[in-house]
1. Within the set of pairs 6 or more residues apart or between chains, which connect a residue that is closer than 21 Å to L46 by Cα inside region 4-27 to a residue that is among the polar types (S, T, N, Q) and assigned to a helix (DSSP H, G or I) with Cβ atoms less than 7 Å apart?
2. Right, M33: part of a strand (DSSP E or B) and either more than 13 Å from the chain's Cα centre (by Cα) or aliphatic (A, V, I, L, M) (or both) or not?
3. Going by the conditions given, is P103 in contact with a Gly (Cβ under 8 Å, 6 or more places away or on another chain), over 16 Å from I20 (Cα atoms) and part of a loop (DSSP other than H, G, I, E, B)?
4. Suppose we filter T61, T30 for residues that are buried (at least 20 other Cβ atoms within 10 Å of the Cβ), of a type in the set (S, T, N, Q) and either closer than 19 Å to R79 by Cβ or touching a residue at least 12 places away in the same chain (Cβ under 8 Å) (or both); which single one remains?
5. Can you tell me which residue is modelled with the lowest pLDDT among those in region 54-92 that are among the aliphatic types (A, V, I, L, M) and over 17 Å from A118 (Cα atoms)?
6. List the number of the failed condition for K11; all other conditions in (1) farther than 19 Å from S128 by Cα; (2) surrounded by 15 or more Cβ atoms within 10 Å (Cβ to Cβ); (3) touching a strand residue (DSSP E or B) at 6+ places or on another chain (Cβ under 9 Å) hold.
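The values are calculated or read from the model by the stated rules, or taken from the named source; none is laboratory data. The structure presented is a predicted model; accordingly, all values stated were derived computationally and were not measured. For neighbour counting, all protein chains shown are included, and Cβ atoms are generated from backbone atoms with ideal geometry for every residue, glycine included.
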Amino acid sequence: MAKVIIMMGSKADLEWSKKIADASRKLGLTPVMRIASAHKVPLKCLEIIRMYENENVVFITVAGRSNALSGFCDAQTWRPVIACPPYADKFAGADVYSSLRMPSGVSPMVVLEPDNAALAAAKIFAVSDENVHQRVVELQEINRRKLADDDNSLLSE
């Protein structure tokens, strides 16, 4: 079973995480949402990572401001980690840099849109899971058809 562990820094990240979970389900993934701040309860984060990392999982981290969660998770597991920080108008988007700048040996991927974070996870699983592979291909075909239909609608105006 292809499982996405969505790790939130706090419950304030729940709405953003629900978008990732919904998109994950559509792609045939099983989302599990958890809360653990790398700043406030790092041992809880480590406990959650250890609980799931021996399963077929991708971690998606959701934390804004100073995003230690993504780097912490990535440094503690051999499984893929995707950072999907929520938008923050409060800091004019500058807090995204805490997701982009990581120390050497720490490499979470950063994907800013919830749907695309789920898609990135699905593409990781699609390498070895034919069901997920088919769902990714179907989504791509839907997107291609929509663009072709939109283009054709312009020609008929």
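1. V4/S24; I6/S17; M8/S17
2. Yes: the conditions hold for M33.
3. Criteria met by P103.
4. After applying the criteria, what remains is T61.
5. Result: A92.
6. Condition (2) is where K11 drops out.
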